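The next block holds one structure in the form of structure tokens; read it before the comments.
The values are calculated or read from the model by the stated rules, or taken from the named source; none is laboratory data. Treat the numbers as computed from the prediction; the structure is a model and nothing was measured. All Cβ positions, glycine included, derive from the backbone under ideal geometry; neighbour counts span all protein chains shown.
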Amino acid sequence: MIDRLKCRLIVPAVLTLTGCPAGPVPLAGWERSVPEVGSRNVCCGINPTIVEKTYEHRYDLVFSPDGGRKDVTLKTHFEYVLLRPGQPPRKLPFLTTTTRNNDDGRFTALYPVDDDRLWAGYGLAPDASERDGGARSDSWHYVVKVFTADGIVHEAELEVLKTDNRIDVDWSVPAFRFHHRNGMALYHLRTGKVTMVAPTAG
């Protein structure tokens, strides 16, 4: 049996993922490294540029369903940096997300709303694969964030139908246009309000 106190001492980060020692898949070990494994420009040309950096949290496990293992990636986090010509890089810590699935929690698309003063983006929620991956779910959960260099202006979670999970930009509003189970909807980028465009009949 795993000693509860020892488990709490050596794996505080793992506890947030799986629970210890309770839970269907108990783990015990420690974090060995958090290397940067990739970066990409997510917005918006060269002046300015927002860069996404990907970090993997790697662990040495002394206990798991597969026995002891070394250098196992259990989660990933994404950080964002604003680059302006002639200025030092500026981290945007309020955009940092952590996930267990590399396709979740990161921006799918990011756009400038007011030149270099306001941005809006969306991506799958950090736990979307766990919540929505099954056949019983008809929607994906997306997170929308509207922000300046100083912080979040507003954000929301949207349910977007799997049968048409496109999110388009309607710059005449401006808004993100998406398919909700109740019909076509708009997420207004300046106010954060959601309004219906074409409710589903019946």
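Some points to look at:
- Any hit, segment 41-51, residues being assigned to a loop (DSSP other than H, G, I, E, B), modelled with pLDDT of 85 or more, closer than 15 Å to Ala120 by Cα and not acidic (Asp, Glu): yes
- Any hit, segment 85-93, residues being in a helix (DSSP H, G or I) and touching a residue at least 12 places away in the same chain (Cβ under 8 Å): yes
- Gly105 being buried (at least 17 other Cβ atoms within 10 Å of the Cβ) and part of a strand (DSSP E or B): no
- When segment 108-148 is filtered for residues that are among the hydroxyl-bearing types (Ser, Thr, Tyr) and either in a helix (DSSP H, G or I) or under 13 Å from the mean Cα position of the chain (by Cα) (or both), the ones remaining, listed by number, are Thr108, Tyr122, Ser129, Tyr142.
- Scanning segment 152-188 for residues that are surrounded by fewer than 17 Cβ atoms within 10 Å (Cβ to Cβ), touching a Leu at 6+ places or on another chain (Cβ under 7 Å) and in a strand (DSSP E or B) turns up Asp170, Arg177.
- Taking (1) out of contact with any Cys (no Cβ under 9 Å at 6 or more places or on another chain); (2) among the hydrophobic types (A, V, I, L, M, F, W, C); (3) modelled with pLDDT of 95 or more in turn, Leu110 satisfies each apart from (1).
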